[in-house]
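Since the structure comes first, as structure tokens, the remarks are kept for the end.
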Amino acid sequence: MKKILLLFAFVFASVLLVACGGDEPDPTIIDDQVEITYASWNLGSADSEEPNMERLMIDAFMEAYPNIKVTVIERPKVPGTNDDLGWNDFLAARASTETLPDVFQSDNIPYYVISDWAYNITEIAMNDPEYLNVSEDIRGVATYDGKVMALPNAVHYAGYVVNKTLFDRQGQDAPDIDSTMAEVISLTKSAANHASNNNTGVVGLEGIEHILHWYPAQLNEDYNWFTMSDTGFNLDSTEFTQTVELYRQMRTDATYVLEALYDAAAAEDSTIQIGNIFPEGDPFNNGNILVKWYYSWDFGWMQKNINTGQYTWDLDFIGTPVVNGNKRVPIVADFFTLASNTDHPEEAYLFAKWMGFGKDGYQKRLDLSKTVEGISQVNFAPIQNDADLLDDYFELYPSFESLRTIIETGTFIVEPPKYLPGYIAARYSGTYDAENKMSDILTKLMIGEVQLADIRTQLNTRANALYNEAKEEFDAALALK
């Protein structure tokens, strides 16, 4: 009886409101509150007294959308330990009872599709102008045969951080975002000093391990990470041969490449003592390294050190250099998956958007970053190329303004472990021969123990066999979506 009386009162009030010329009800507020569930690996402990950005964002979402309640599913510990249960073990346990979180962090989208854990988001996403405003290079990697199977929730940029003050001190121009690979090498080699014996040396360049991954895509615009194209890997191509040749040149030039200097010092007949070359301490924190590979998630602590005066030198982020007129900066993208068992896909999408690529959510993230005591600064730039968001983001990171040009250009290659079927096997864990995994043979190639000319055909054949095996299984599962 009580429910009937309440319903009658609501209907009467609605009729009276219309009759009196009142405003129509807000369409975002519905009578019944919808509950969705969420799981992620970056939520920290629910009992922590330290503020957590992600939990604050969840609270802010529920304030903005009071018709949607978000319940966090905490990841359990491994029995008898203080270690979190493995991410996919956690999801598998939830899937076995059809209680997958409506929205969850993705570390292996193809596996989720094959396991029938992923919801086909295409219809919702393709009708959202904000989703379409995300760079095709970013959103396209989680779109398979026209089907959107995950949503971007963070993007991190990779490339070289340049110490402009140190270049100037060495009497040398510093490379910038328009510099070619040849110019970066030439300028750094001229400014470096790896020959000191009284701790006055200057480190040239550190961080060449990913050249095999990103450089081929600069040589050939049809390639993505590690020579991947629409037809598979191209490790037998002239572009990969040129890449390996460049890598080996750098890996063996101890006059400016730190890894090469370490190799030279480790040789049996070496007289090099690195402790006598450079000042004591970490070269980057000492302001004594010209160029070093970093990811944009490191900008937070760098900017803090600049703001507090610990760093008294000017830094710049140039991404990866220009090659053959191409500049395609590598990125690491994080994604959200919507669960195949969700009963509320629209609300789940709205929440995933708020926590990731959506403008309103990202603006709230920036506001929290500037106003909440003890919270870490936002550690990823806006995913949408939006002038207002970029303005606010670079208020937090004024020392890395060059990144804005890279974002606005919007030409990227995305590191593939989270989205490409078979990549982990083809690059790392798969069998190359009786003695080597793929990672083993590639390590031997990088250090010069084997020559590409001797293995290029077999290397490409094995990589594509591992990729195609995984892709066939994935394509069969995708067809059912």
Qualifying residues in segment 242-291 (those that are β-branched (Val, Ile, Thr) and farther than 25 Å from ALA217 by Cβ) - the one nearest to the chain's Cα centre (by Cα): ILE289
Quick check, is GLY319 crowded, with 21+ Cβ neighbours inside 10 Å and within 21 Å of the chain's Cα centre (by Cα)? yes
Counting just the residues of segment 151-181 that are aliphatic (A, V, I, L, M) and in contact with a Leu (Cβ under 8 Å, 6 or more places away or on another chain), which one comes out farthest from ARG365 (Cα to Cα)? MET181
Mind listing just one residue for me: the one in segment 170-187 that is in contact (Cβ under 8 Å) with a residue 24 or more places away in the chain, assigned to a loop (DSSP other than H, G, I, E, B) and not hydrophobic (A, V, I, L, M, F, W, C) and, of those, farthest from ILE331 (Cα to Cα)? GLN170
Matching residues in segment 207-232 (polar (S, T, N, Q) and at positive phi) number 1
Looking at (1) surrounded by fewer than 18 Cβ atoms within 10 Å (Cβ to Cβ); (2) on the phi < 0 side of the Ramachandran plot, which is the only condition LEU91 fails? (1)
Regarding segment 105-128, can at least one residue be identified that is touching a Pro at 6+ places or on another chain (Cβ under 6 Å), farther than 25 Å from ALA387 by Cα, surrounded by fewer than 20 Cβ atoms within 10 Å (Cβ to Cβ) and hydrophobic (A, V, I, L, M, F, W, C)? no
Which pairs turn up if I take residues in segment 414-429 that are surrounded by fewer than 23 Cβ atoms within 10 Å (Cβ to Cβ) and look for partners that are part of a loop (DSSP other than H, G, I, E, B) and of a type in the set (Asp, Glu) with beta carbon separation below 7 Å, at least 6 apart in sequence or on another chain? LYS418/ASP107
Name every residue in segment 446-457 that is more than 18 Å from GLU239 (Cβ to Cβ) and either in contact (Cβ under 8 Å) with a residue 60 or more places away in the chain or assigned to a helix (DSSP H, G or I) (or both), in order of residue number. ILE447, GLY448, ASP454
Counting only residues that are within 23 Å of GLU245 (Cα to Cα), out of contact with any Ser or Thr (no Cβ under 8 Å at 6 or more places or on another chain) and crowded, with 17+ Cβ neighbours inside 10 Å, segment 182-216 contains a total of 9
Taking segment 133-169 and keeping only residues that are within 30 Å of ASN286 (Cα to Cα) and part of a strand (DSSP E or B), one is left with VAL155, HIS156, TYR157, ALA158, GLY159, TYR160, VAL161, VAL162, ASN163
Candidates ILE413, ILE441, ILE424 - the one that is part of a helix (DSSP H, G or I) and either at pLDDT below 95 or within 23 Å of GLN249 (Cβ to Cβ) (or both): ILE441
The number of residues in segment 323-333 that are assigned to a strand (DSSP E or B) and surrounded by fewer than 20 Cβ atoms within 10 Å (Cβ to Cβ) is 2
For segment 199-216, which positions are under 21 Å from the mean Cα position of the chain (by Cα), in contact (Cβ under 8 Å) with a residue 40 or more places away in the chain and outside any loop (DSSP other than H, G, I, E, B)? GLU206, LEU212, HIS213, TRP214, TYR215
Residues in segment 391-400: is at least one part of a loop (DSSP other than H, G, I, E, B) and of a type outside the set (Phe, Trp, Tyr)? no
Would you check which residues across segment 225-249 are closer than 17 Å to GLN458 by Cα, in contact (Cβ under 8 Å) with a residue 40 or more places away in the chain and part of a helix (DSSP H, G or I) and list them? PHE226, PHE240, THR241, VAL244
Any hit, segment 53-64, residues being assigned to a loop (DSSP other than H, G, I, E, B), at pLDDT 90 or above and not acidic (Asp, Glu): no
Only listed residue being assigned to a helix (DSSP H, G or I), in contact with a Leu (Cβ under 6 Å, 6 or more places away or on another chain) and more than 30 Å from MET302 (Cβ to Cβ), chosen from ASN464, ASN468, ASN460: ASN460
Within 25 Å of ALA381 (Cα to Cα), in a loop (DSSP other than H, G, I, E, B) and modelled with pLDDT of 95 or more, is that true of PHE284? yes
Give LYS364, LYS359, LYS353 a once-over and let me know the one that is of a type in the set (Lys, Arg) and buried (at least 22 other Cβ atoms within 10 Å of the Cβ). LYS353
Could you tell me which numbered condition THR443 fails, if it satisfies all but one of (1) without any contact (Cβ under 8 Å) to a residue 24 or more places away in the chain; (2) within 23 Å of PHE335 (Cα to Cα)? (2)
Name the residue that is surrounded by the fewest Cβ atoms within 10 Å (Cβ to Cβ), counting only residues in segment 367-385 that are under 19 Å from the mean Cα position of the chain (by Cα) and of a type outside the set (A, V, I, L, M, F, W, C). SER376
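The values are calculated or read from the model by the stated rules, or taken from the named source; none is laboratory data. These numbers were taken from a predicted model, which means no experiment stands behind them. Cβ: placed from backbone, ideal geometry, glycine included. Neighbour counts: every protein chain shown.
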